[in-house]
Amino acid sequence: MIKSHPGNYFEDFRLGQVITHATPRTVTAGDVSLYTALYGSRFAVQSSDHFARAIGYRDAPVDDLLVFNIVFGKTVPDISLNAVANLGYANCRFLAPVYPGDTLSAKSEIIGLNENSNRKTGVVYVRSTGFNAAGTGDTLSAKSEIIGLNENSNRKTGVVYVRSTGFNAAGTAVLEYVRWVMVRKRDEGAPPRGKDVPSLPKLVAPDDIGAACPPLRGAAYDHALAGSAQGFGDYAPGERIDHVDGMTVEEAEHQLATRLYQNTARVHFDQFIQGKGRFGRRLIYGGHVISLARALSFNGLANAFHIAGINGGRHVAPLFAGDTVFAWSEVIERAELPDRTDVGALRLRLVAAKNRPCADFPDKSGEDYDPAVILDLDYWALIPR
Amino acid sequence: MIKSHPGNYFEDFRLGQVITHATPRTVTAGDVSLYTALYGSRFAVQSSDHFARAIGYRDAPVDDLLVFNIVFGKTVPDISLNAVANLGYANCRFLAPVYPGDTLSAKSEIIGLNENSNRKTGVVYVRSTGFNAAGTGDTLSAKSEIIGLNENSNRKTGVVYVRSTGFNAAGTAVLEYVRWVMVRKRDEGAPPRGKDVPSLPKLVAPDDIGAACPPLRGAAYDHALAGSAQGFGDYAPGERIDHVDGMTVEEAEHQLATRLYQNTARVHFDQFIQGKGRFGRRLIYGGHVISLARALSFNGLANAFHIAGINGGRHVAPLFAGDTVFAWSEVIERAELPDRTDVGALRLRLVAAKNRPCADFPDKSGEDYDPAVILDLDYWALIPR
Amino acid sequence: MIKSHPGNYFEDFRLGQVITHATPRTVTAGDVSLYTALYGSRFAVQSSDHFARAIGYRDAPVDDLLVFNIVFGKTVPDISLNAVANLGYANCRFLAPVYPGDTLSAKSEIIGLNENSNRKTGVVYVRSTGFNAAGTGDTLSAKSEIIGLNENSNRKTGVVYVRSTGFNAAGTAVLEYVRWVMVRKRDEGAPPRGKDVPSLPKLVAPDDIGAACPPLRGAAYDHALAGSAQGFGDYAPGERIDHVDGMTVEEAEHQLATRLYQNTARVHFDQFIQGKGRFGRRLIYGGHVISLARALSFNGLANAFHIAGINGGRHVAPLFAGDTVFAWSEVIERAELPDRTDVGALRLRLVAAKNRPCADFPDKSGEDYDPAVILDLDYWALIPR
């Protein structure tokens, strides 16, 4: 009997399949400290129990992206161990705060399968229909390079659409998101399967994003301690913010992070195999890039303390150790939340670039990105009104 | 008066001497998080308080090897600061679970001394009588290279046999093991001392290995969350398991780990001195290799959640930063524990190799190891029945 | 409106200005574990709750330098983001113990401003009037190189003197210190400002240094567990101690540390910009050097468990990744504390060197330091009597 699990292939998934992922994880103050050491995040709500309690949280909540990365990590052995590329995210919502001591577990449902019947992966080019690509069937065509390819495989692939949910020990959902990944087929000669491409929202509705933020006592929110006087009304759609600072990434750092999330994707850890592959390098986990860019964004968005939802996101190009990450943000829109006068939502586009300061906002022109851009993320942040 | 301690030499030890080691250490959730970040371990019992409590633990216990490494670290300043090589382990038993908040301390007793009267260390070749080498007097002869040599010393050496015990703050022993190390003599002209080589068991008896595992409520053990359906009855003696994944080690990682264990052995930290030595490199602490290999072994042994005893072990060759570690296991035997129907024991051989995937199980032929092999460990793991 | 903060320039400070720094921080067991992993510190009081409680602490207190580094980190975005050099420290006192769970915040008062009216920074040479340089106006002249320069700026600079205080959530001051930094002017043509150079003590008085140490039950202090039998009476003024061990620093390590302290100074993180600068390298945060040297000093000062005050200190030369740090100490004087028979104070000079063992105590001759010296710190340590 085979004991070690080589990961699932495209043929192993069926529409409607529900997978309970292994290794529940108690999140602790130790994880929070490591997260701080890895990214240098400075949002007061997540950094100080005293600050968080004053405004209405039970304690300082665990950083939203630490929760995301832990839940994501659980899905990897079942979903994306044989992935060629992580194509996109949609409809990500944070549903309840997570505190140290909470135990997280995860389940996933297969909500779509789309075979790339006559396309081989050798060199695959991937295009997103936009930074909030909603995962329609046309997400694959020629433009920019995929980023998860770890060998020049000639095997056929398919796209798997997955809705993953993270739960605390009480069974309350704390996070839900959809991602779609390009997965290898085990057997190239296997008969083709149909196309089941789910319809996904291009945007998480403002009605759906406040659940993980308790009602805040706005008067207790100390803007000096938070690091900025600027609130909801100070940000205008179209405004661009350069986050100024750059952060160089080391191999030890992204490996520590990715293992902290118990993410087992081999491409991040195994230089022996990666050294023979296309890039000759270990790929840095995309969630590490998102966390880094978010931490940099404190400088300009100090009060946008909570990621309430992610509308879409795309890893435009790979990041490698030794590269320096810079970031900028654009305010896309401003939304009120139903029945809430304490906080409002900013829809933000967070763009990260490598080895290129962002004072002039490197961007895309049509479908062509500035070659330095590595991440284009569209999310909702809550900010006091 | 000399204030800083240069470490003990062979002449400083006497048979029957008991040493109380310095720096008691409260183990915390922070240590557990770092351990996860360093190795990516995924055993559910150690990862989730909720899972552990459901089956009968007070909380998620601290990983057995984190306990081992912390206790081992305390012994280094007194036992092995002037060691040329760490030759072997025997009769290692985990005696009580350790939880975050417990304070660990350690004592050692010198149980054997064996002078290498006419042998100098220049280039020393070390042979173990087998992976469960029991420390008899013939453990030194010509075959494979020793791994702890940090200078081409011409000074004579001796082998020191030590039984070390770790305690919690209540004075309960949590771990006991024997190791033997080759230690330099301070004065080559010192008169020779006798040979006192202890008799050591080649195997920890199954009767002796269940103490650190409370009675389990087997029905509450969730195999989906644990990551595998395979239990005691599914593993057969002779079976070999490739653990598939590879993990590249960085200097910062093994240094962080070794300092976390408050292990002060200079060979792991001081590139200035090591750069002038035999390897030109910092040596990676052997306990780091064991922890890495054990974490990799989850993929194939997901339910073998507890290391209950270590029969013997050997660091066959050194590991350096930049190397990628792979591992495979062999089931040696299967044993029932007296009066326990909840768990059984698998005697496993865990072999780690560097820069060589283990699909074909690199091994030894007679006394000659495949040159990629770095670790050969013989241990008992508990697994639900 | 500009959202991201580029840091203050010399013109932005006014005498008497009080700044509330951002991002309060709850210190946890996770931070303590990371601190251990980063430096390998082995002082029993900070390592073991059981040991600390036995002698009179509520729990194991957080390492003094972890507190210092966290408080220091909070001041960086407001005080030293545009600093050319961190010139010195004075009158640093630890005022109350800090335990995991405490939330730290910081305020600073500008207590001096001194424009360097006709000096440009291109290559600036810095001299301290001694290791306990008290910040008089003559601290700048030609001798050794400054260490924080991150570009060959031709802009004028000024020296800003700041008294920073760290508080716990109850509003109790836990730490107070003065530092002075050379900061760039935004506008070279701005009219000169006066000289306001504060008078600073060259020495923290022994009357002022016991506040963070509760009355100790000396009989409960276990010297075997602490790692040394040597107490207050065993150290004599003039005595020098080589701390023997060397520690090589990796980029990932100092970045993890500096982010753990939420210190945002760009010179430590941004290789893209630093690579084009004077050194071509990221500079290692000075507090990382102090913490490393202090951890090495355990070997020789195992019972000097508490840094009660820092009289002065100077970063003599920069440290870069790949360098190996060694350290030695000199006992300057021994002082009794008023009304305390439990502990006495040792005034110690802690000198760190890079890539040079310290058996022969590399030092300074007049104002010229041995080229290997990187740190010269003058502090008070408490030690049982």
Inset, instruction - Could you grab me the full set of residues in the stretch B:335-346 that are under 14 Å from B:Tyr379 (Cα atoms), surrounded by 20 or more Cβ atoms within 10 Å (Cβ to Cβ) and over 20 Å from the mean Cα position of the chain (by Cα)? - result: B:Gly344
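Could you tell me which residue of the stretch B:165-179 is least open to solvent (accessible area, probe 1.4 Å), considering only residues that are over 19 Å from the mean Cα position of the chain (by Cα) and touching a residue at least 24 places away in the same chain (Cβ under 8 Å)?
Checking each candidate, the answer is B:Asn168.
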Legend entry - Every residue from the stretch C:180-221 that is touching a helix residue (DSSP H, G or I) at 6+ places or on another chain (Cβ under 8 Å) and open to solvent by less than 60 Å² (accessible area, probe 1.4 Å): C:Trp180, C:Val181, C:Val183, C:Arg184, C:Lys185, C:Ala190, C:Val197, C:Ala212, C:Leu216, C:Gly218, C:Ala220, C:Tyr221
Inset, instruction - Scan the stretch A:208-226 for residues that are acidic (Asp, Glu) and at pLDDT 95 or above and jot them down. - result: A:Asp222
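Which residue out of C:Phe320, C:Phe326, C:Phe361 is more than 28 Å from C:Leu95 (Cβ to Cβ) and over 19 Å from the mean Cα position of the chain (by Cα)? Even if it seems obvious, please write down each step before you answer.
Working: C:Phe320 fails: over 19 Å from the mean Cα position of the chain (by Cα); C:Phe326 fails: over 19 Å from the mean Cα position of the chain (by Cα).
Residue meeting the stated conditions: C:Phe361.
Look through C:Leu104, C:Leu95, C:Leu87 and report the one residue that is within 28 Å of A:Asp31 (Cβ to Cβ) and within 18 Å of the chain's Cα centre (by Cα). Steps first, answer last, please.
Details: C:Leu95 fails: within 28 Å of A:Asp31 (Cβ to Cβ); C:Leu87 fails: within 28 Å of A:Asp31 (Cβ to Cβ).
The conditions single out C:Leu104.
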Inset, instruction - Report, ordered by the first and then the second residue, all pairs with beta carbons closer than 6 Å, sequence separation of six or more or different chains, a first member in the stretch C:216-240 that is facing another protein chain (nearest Cβ under 9 Å) and among the hydroxyl-bearing types (Ser, Thr, Tyr), and a second member that is open to solvent by less than 50 Å² (accessible area, probe 1.4 Å) and not in a loop (DSSP other than H, G, I, E, B). - result: C:Tyr235/C:Val331; C:Tyr235/C:Leu346
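For (1) farther than 30 Å from C:Val76 by Cα; (2) part of a helix (DSSP H, G or I), each residue gets a yes or a no:
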{"position": "C:Val183", "(1), (2)": "no, no"}
{"position": "C:Glu188", "(1), (2)": "no, no"}
{"position": "C:Pro201", "(1), (2)": "no, no"}
{"position": "C:Cys213", "(1), (2)": "no, no"}
{"position": "C:Ala229", "(1), (2)": "yes, no"}
{"position": "C:Gly233", "(1), (2)": "yes, yes"}
Inset, instruction - Sort through B:Ala381, B:Ala293 and tell me the only one that's out of contact with any Lys or Arg (no Cβ under 7 Å at 6 or more places or on another chain) and closer than 24 Å to A:Lys276 by Cα. - result: B:Ala293
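Name the single residue, out of those in the stretch B:301-334 being β-branched (Val, Ile, Thr) and open to solvent by less than 20 Å² (accessible area, probe 1.4 Å), that is farthest from A:His268 (Cα to Cα).
From the stretch B:301-334, those β-branched (Val, Ile, Thr) are B:307, B:310, B:316, B:324-325, B:331-332; that's our starting set.
Subset that is open to solvent by less than 20 Å² (accessible area, probe 1.4 Å): B:307, B:310, B:316, B:324-325, B:331.
Numbers: B:Ile307: 28, B:Ile310: 31, B:Val316: 27, B:Thr324: 12, B:Val325: 14, B:Val331: 30 Å.
Here the answer is B:Ile310.
Please verify whether B:Tyr39 is crowded, with 22+ Cβ neighbours inside 10 Å and under 26 Å from A:Gly73 (Cα atoms), treating the condition exactly as stated.
Details: crowded, with 22+ Cβ neighbours inside 10 Å: yes; under 26 Å from A:Gly73 (Cα atoms): yes.
Criteria met by B:Tyr39.
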Legend entry - The lone exception for C:Gly16 - which of (1) buried (at least 19 other Cβ atoms within 10 Å of the Cβ); (2) over 18 Å from B:Arg259 (Cβ atoms); (3) among the small types (Gly, Ala, Ser) it fails: (1)
Inset, instruction - Output the number of residues of the stretch C:248-267 satisfying the condition of being within 16 Å of the chain's Cα centre (by Cα), more than 7 Å from chain A (Cβ to nearest Cβ) and not hydroxyl-bearing (Ser, Thr, Tyr). - result: 4
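Condition check ((1) touching a strand residue (DSSP E or B) at 6+ places or on another chain (Cβ under 6 Å); (2) within 14 Å of chain C (Cβ to nearest Cβ)) across all residues:
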{"residue": "B:Gly7", "(1), (2)": "no, yes"}
{"residue": "B:Asp12", "(1), (2)": "no, no"}
{"residue": "B:Thr26", "(1), (2)": "yes, yes"}
{"residue": "B:Gly30", "(1), (2)": "no, yes"}
{"residue": "B:Leu34", "(1), (2)": "no, yes"}
{"residue": "B:Tyr39", "(1), (2)": "no, yes"}
{"residue": "B:Phe43", "(1), (2)": "no, no"}
{"residue": "B:Pro61", "(1), (2)": "no, no"}
{"residue": "B:Arg93", "(1), (2)": "yes, no"}
Inset, instruction - Just give me the residues in the stretch C:92-102 being assigned to a strand (DSSP E or B) and open to solvent by 10 Å² or more (accessible area, probe 1.4 Å), in sequence order. - result: C:Arg93
Inset, instruction - Just need a number here: residues in the stretch C:42-62 that are in a loop (DSSP other than H, G, I, E, B) and either in contact with a Cys (Cβ under 7 Å, 6 or more places away or on another chain) or open to solvent by 20 Å² or more (accessible area, probe 1.4 Å) (or both). - result: 4
Inset, instruction - Go through the stretch C:354-368 and count every residue that is under 20 Å from C:Gly238 (Cβ atoms) and assigned to a strand (DSSP E or B). - result: 2
Inset, instruction - With the condition kept exactly as written, say whether any residue in the stretch A:262-272 is in contact (Cβ under 8 Å) with a residue 60 or more places away in the chain, open to solvent by 10 Å² or more (accessible area, probe 1.4 Å) and of a type in the set (Ser, Thr, Tyr). - result: yes
Inset, instruction - Select from the stretch B:277-287 the residues that are in contact (Cβ under 8 Å) with a residue 24 or more places away in the chain and more than 9 Å from every other protein chain (Cβ to nearest Cβ) and list them in ascending order. - result: B:Gly277, B:Arg278, B:Phe279, B:Arg281, B:Leu283, B:Ile284, B:Tyr285, B:Gly286, B:Gly287
Inset, instruction - Evaluate the following for B:Lys107: is it surrounded by 22 or more Cβ atoms within 10 Å (Cβ to Cβ) and not in a loop (DSSP other than H, G, I, E, B)? - result: no
Inset, instruction - Out of B:Ala321, B:Ala359, B:Ala295, report the one residue that is more than 14 Å from chain C (Cβ to nearest Cβ) and in contact with a helix residue (DSSP H, G or I) (Cβ under 6 Å, 6 or more places away or on another chain). - result: B:Ala295
Legend entry - Selected residue (criterion: nearest to the other protein chains (Cβ to nearest Cβ)) from residues of the stretch A:71-91 that are at pLDDT 95 or above and touching a helix residue (DSSP H, G or I) at 6+ places or on another chain (Cβ under 8 Å): A:Gly73
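So is A:Asp323 touching a residue at least 40 places away in the same chain (Cβ under 8 Å), of a type in the set (D, E, K, R) and over 30 Å from A:Ala219 (Cβ atoms) or not?
Numbers: touching a residue at least 40 places away in the same chain (Cβ under 8 Å): yes; of a type in the set (D, E, K, R): yes; over 30 Å from A:Ala219 (Cβ atoms): yes.
Against the criterion (touching a residue at least 40 places away in the same chain (Cβ under 8 Å), of a type in the set (D, E, K, R) and over 30 Å from A:Ala219 (Cβ atoms)), A:Asp323 qualifies.
The values are calculated or read from the model by the stated rules, or taken from the named source; none is laboratory data. Source: prediction; values computed, not measured. Neighbour counts run over all protein chains shown; Cβ positions are idealised from the backbone, glycine included. When the accessible area is computed, the model is the full protein with side chains, heavy atoms only, and any ligands, DNA or RNA have been set aside. Shrake-Rupley method; radii C 1.70, N 1.55, O 1.52, S 1.80 Å.
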